[in-house]
Amino acid sequence: MSETFAMPVEQWSGSVLEVQIGATAEQGGTRGRTVTVGGAATLPFLQYEGNPGARPAIAFEVLDRPRESWAEALEKVYGDVKNDAAAWAQKCEQEFGADLICLRLEGANPDELDRSPTECTAIAKQVAAAVTVPLIIWGCGNAEKDNNIWPELSPALAGERVVLASATEDNYRTIAACCLADKHICLTEAPLDINIQKQVNILVSEMGVKPQDMIQYQTTGALGYGIEYAYSIYERSRLAALDGDAMLRFPMLSVVGAEAWKTKEATAGPEEVPEWGDLERRGILWEAATATTLLPGGTDILVMWHPTAAQMVRAVLDELTGA
Amino acid sequence: MIVIGERINGMFVDVRGAIQSQDPEPIRDLARRQQAAGADYLDVNVGPAADDPVVAMQWLVATIREVSDLPLAIDTTRQAVMRAGLEAAGGKAMINSTTGEKKKLDVLMPMAAEFGVPIIALTISEQGVPRDANGRAEVALNILAAALEHGVMPDSILIDAVILPVSAQQENPGHVLETIRQTKMLSDPAPKTVIGLSNVSQNALYRELINRTCLTMALGAGLDAAIVDCLDDELMDAMITAELLLNHQVYSADYLKAYRASHG
């Protein structure tokens with residue numbers, strides 16, 4: 001009797017939904033191209049088991065005003081464009097090959113510049129006009145303020161299939177209604193809690209947002225700051241999707257750059273910790289390591305800051321996907 | 001849990017009437033409602049009254065297929081009816097059922113292999129239903145041996161430990177629960193386990209309460225599948241809650257709604 005060994009292949013009953021971000025002119029938007037994320041029918045990078053889904057996309061984060069203090073490495077890259085979100089976005093697309101632009105309207109926060117919804121809308125439109133790639137637009141995080149911004153900003157970009165961020169358990173109605181009305185995608189957010197993630201997904205679904213118009217987001221921790229917890233939540237979420245849980249089968253987004261560049265390891269200079277080596281290289285490595293740690297957890301979109309870190313992640317992706 | 005909806009069975013008056021008058025609407029309605037209620041399989045049994053059970057089975061399967069793509073549990077003791085049902089179902093089916101009797105295993109295991117479908121196997125031997133769990137586990141082992149002989153994988157077998165009415169055999173449910181536990185240890189991969197739930201409450205006053213209590217206890221013992229009245233909302237709620245407590249489903253405040261969104 002002779003038998004050949006066959007690699008065991010896991011069979012899954014479910015899969016991650018495919019979500020198309022952005023819309024071209026024929027589809028009712030103005031984007032030069034669209035990005036489709038998700039679709040995986042097995043765990044990440046196990047191509048031999050089944051459809052691995054779309055290659056994770058890299059979004060570059062753009063702020064609507066410069067940070068008061070940030071790492072010298074970031075100043076070197078973005079110093080010339082930090083006062084102009086549209087130019088900043090354009091640089092990310094043209095020089096760094098961004099798949100997506102992630103605009104964060106920090107300046108709208110009442111504790112910051114308290115920008116009006118009209119000003120925020122104007123900035124969003126300038127950014128949209130400056131790039132051809134699809135957009136993710138994040139509010140300022142102040143629920144009351146964000147609920148005033150969305151009803152003005154969302155119709156101004158109607159049909160563009162922008163990812164509007166974010167819907168939370170306590171504040172989801174306005175953003176979900178805007179996504180419905182203006183054909184955008186709703187990002188559902190949870191504080192590293194799979195139960196709350198599922199609950200927010202149910203709430204947004206009940207508002208009538210279609211499954212193919214939803215992406216989910218667990219607040220991300222950087223390397224050394226709870227990343228193992230983020231990883232295990234990502235993995236559990238992906239396993240639930242593969243087991244057919246309809247309320248957890250959405251593609252996942254993670255915020256990498258903003259988290260990595262606020263760690264001590266990315267900001268403490270040689271005068272403080274001489275044994276840690278070159279600061280610029282350290283910050284870049286911290287961001288790249290945070291991103292590559294989250295990839296096998298199943299993340300579909302990485303929101304990044306430094307172009308060299310993004311380049312490192314692309315190289316890892318090439319290797320893992322056999323590209 | 002794999003939910004096998006029991007309602008399309010000629011033992012029920014409405015189904016018997018539909019078969020006799022060739023009226024498809026009650027069958028379509030039962031298929032649609034069971035699917036919406038969360039059935040993973042629809043049981044199909046022509047019952048005792050059909051003039052030509054092969055024709056009746058073909059008609060039932062074709063009628064269900066007009067409204068549902070769910071896999072079907074072809075429920076008959078007759079070989080010709082089983083084959084007709086499996087053929088009509090187009091591969092999306094399971095065999096319900098064989099017993100541990102050799103003359104049945106010799107026919108039905110090859111059929112399971114031929115159609116590539118799961119098969120329910122009752123722990124009944126030539127000597128009848130064993131009295132306790134050890135006797136049932138022994139029959140289950142014989143079933144597994146026959147399955148392997150015919151190239152059917154253990155996880156395509158659903159061992160049914162034969163639940164009897166508690167009103168008549170009060171010690172029986174305990175033996176069934178113990179059999180479910182033991183069955184999970186018979187092989188790796190383990191066979192699945194199933195019960196025909198409604199039988200436990202035959203001739204009892206509080207039928208639905210007995211059914212749902214028994215189901216949650218069986219799930220706690222490791223049950224994988226059950227033939228149930230999935231149109232009983234409280235039964236399904238109890239099942240979903242048990243699945244939640246067993247960590248088979250991710251918790252959310254509206255976990256009942258979330259489960260139903262995923263099934264049906």
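The values are calculated or read from the model by the stated rules, or taken from the named source; none is laboratory data. Because the structure is a prediction, the values reported are computed rather than measured. All Cβ positions, glycine included, derive from the backbone under ideal geometry; neighbour counts span all protein chains shown. In case anyone asks, the SASA skips ligands and DNA or RNA and just uses the protein heavy atoms, side chains included. Shrake-Rupley method; radii C 1.70, N 1.55, O 1.52, S 1.80 Å.
Here residue B:247 clears all of (1) open to solvent by 60 Å² or more (accessible area, probe 1.4 Å); (2) more than 25 Å from residue B:123 (Cα to Cα); (3) more than 14 Å from chain A (Cβ to nearest Cβ) except the condition numbered (3). For region A:169-191, a residue qualifies if it is within 14 Å of another protein chain (Cβ to nearest Cβ) and open to solvent by 10 Å² or more (accessible area, probe 1.4 Å), and the qualifying residues are A:169, A:170, A:172. A residue that is open to solvent by 30 Å² or more (accessible area, probe 1.4 Å) and of a type in the set (D, E, K, R) occurs nowhere in region A:194-205. Of all residues in region A:60-78, those that are touching a residue at least 24 places away in the same chain (Cβ under 8 Å) and closer than 12 Å to residue A:107 by Cβ have Cβ atoms under 8 Å from Cβ atoms of residues that are surrounded by fewer than 23 Cβ atoms within 10 Å (Cβ to Cβ) and acidic (Asp, Glu), 6 or more apart or on another chain, in A:63/A:106; A:64/A:106; A:65/A:106; A:65/A:112. Of the residues contained in region A:107-116, none is found to be among the hydroxyl-bearing types (Ser, Thr, Tyr) and either in a strand (DSSP E or B) or in contact (Cβ under 8 Å) with a residue 24 or more places away in the chain (or both).
If the condition is being small (Gly, Ala, Ser) and either at negative phi or within 14 Å of another protein chain (Cβ to nearest Cβ) (or both), then region A:243-289 contributes A:244, A:246, A:254, A:257, A:258, A:260, A:266, A:268, A:269, A:283, A:288, A:289.
Just one residue in the set A:156, A:130, A:122 is touching a residue at least 40 places away in the same chain (Cβ under 8 Å) and of a type in the set (Gly, Ala, Ser); that residue is A:130. Counting only helices (runs of 4 or more DSSP H) that sit wholly inside region A:238-316, those with at least 3 residues that are crowded, with 20+ Cβ neighbours inside 10 Å are A:257-260, A:279-294.
Checking A:118, A:132 one by one, the residue that is within 26 Å of residue A:77 (Cα to Cα), among the hydroxyl-bearing types (Ser, Thr, Tyr) and open to solvent by 10 Å² or more (accessible area, probe 1.4 Å) is A:132 and no other. Of all residues in region B:4-52, those satisfying the criterion of being crowded, with 23+ Cβ neighbours inside 10 Å and among the aliphatic types (A, V, I, L, M) are B:4, B:8, B:18, B:19, B:27, B:30, B:31, B:39, B:42, B:44, B:46. From the list B:183, B:179, B:216, B:241, the lone residue that is over 17 Å from the mean Cα position of the chain (by Cα), more than 23 Å from residue B:9 (Cβ to Cβ) and either away from every other protein chain (no Cβ under 14 Å) or at pLDDT below 95 (or both) is B:241. Say whether the condition of being away from chain A (no Cβ under 13 Å), open to solvent by less than 50 Å² (accessible area, probe 1.4 Å) and more than 18 Å from residue B:165 (Cα to Cα) is met by at least one residue in region B:251-264. Within region B:251-264, none of the residues are away from chain A (no Cβ under 13 Å), open to solvent by less than 50 Å² (accessible area, probe 1.4 Å) and more than 18 Å from residue B:165 (Cα to Cα).
Annotation note: of B:208, B:171, the sole residue that is within 20 Å of residue B:133 (Cα to Cα) and surrounded by fewer than 21 Cβ atoms within 10 Å (Cβ to Cβ) is B:171. Applying the set (1) assigned to a helix (DSSP H, G or I); (2) farther than 24 Å from residue B:72 by Cα; (3) at pLDDT below 95 to residue B:131 leaves exactly one unmet item: (1). Note on region A:136-167: residues that are open to solvent by 10 Å² or more (accessible area, probe 1.4 Å) and in a strand (DSSP E or B) amount to 2. Output yes when any residue across region A:279-290 is small (Gly, Ala, Ser) and in contact with a Ser or Thr (Cβ under 9 Å, 6 or more places away or on another chain), and no when none is. So far as region A:279-290 goes, yes, one or more of its residues are small (Gly, Ala, Ser) and in contact with a Ser or Thr (Cβ under 9 Å, 6 or more places away or on another chain). When residue B:193 is tested against (1) hydroxyl-bearing (Ser, Thr, Tyr); (2) away from chain A (no Cβ under 14 Å); (3) in contact with a Pro (Cβ under 9 Å, 6 or more places away or on another chain); (4) under 20 Å from residue B:137 (Cα atoms), exactly one condition is not met: (3). Would a scan of region B:75-87 turn up a residue that is out of contact with any helix residue (DSSP H, G or I) (no Cβ under 7 Å at 6 or more places or on another chain), of a type in the set (Ser, Thr, Tyr) and touching a residue at least 40 places away in the same chain (Cβ under 8 Å)? No. Against the list (1) surrounded by fewer than 18 Cβ atoms within 10 Å (Cβ to Cβ); (2) small (Gly, Ala, Ser); (3) touching a Leu at 6+ places or on another chain (Cβ under 9 Å), the condition residue A:69 fails is (3). Report yes if residue A:216 is at negative phi, open to solvent by less than 20 Å² (accessible area, probe 1.4 Å) and not basic (Lys, Arg), otherwise no. Yes, satisfied. In region A:196-235, of all residues being assigned to a helix (DSSP H, G or I), closer than 24 Å to residue A:180 by Cα and among the β-branched types (Val, Ile, Thr), the one that is farthest from the other protein chains (Cβ to nearest Cβ) corresponds to A:204. Every listed requirement among (1) touching a helix residue (DSSP H, G or I) at 6+ places or on another chain (Cβ under 9 Å); (2) more than 20 Å from residue B:189 (Cα to Cα) is met by residue B:100 save one, (2).
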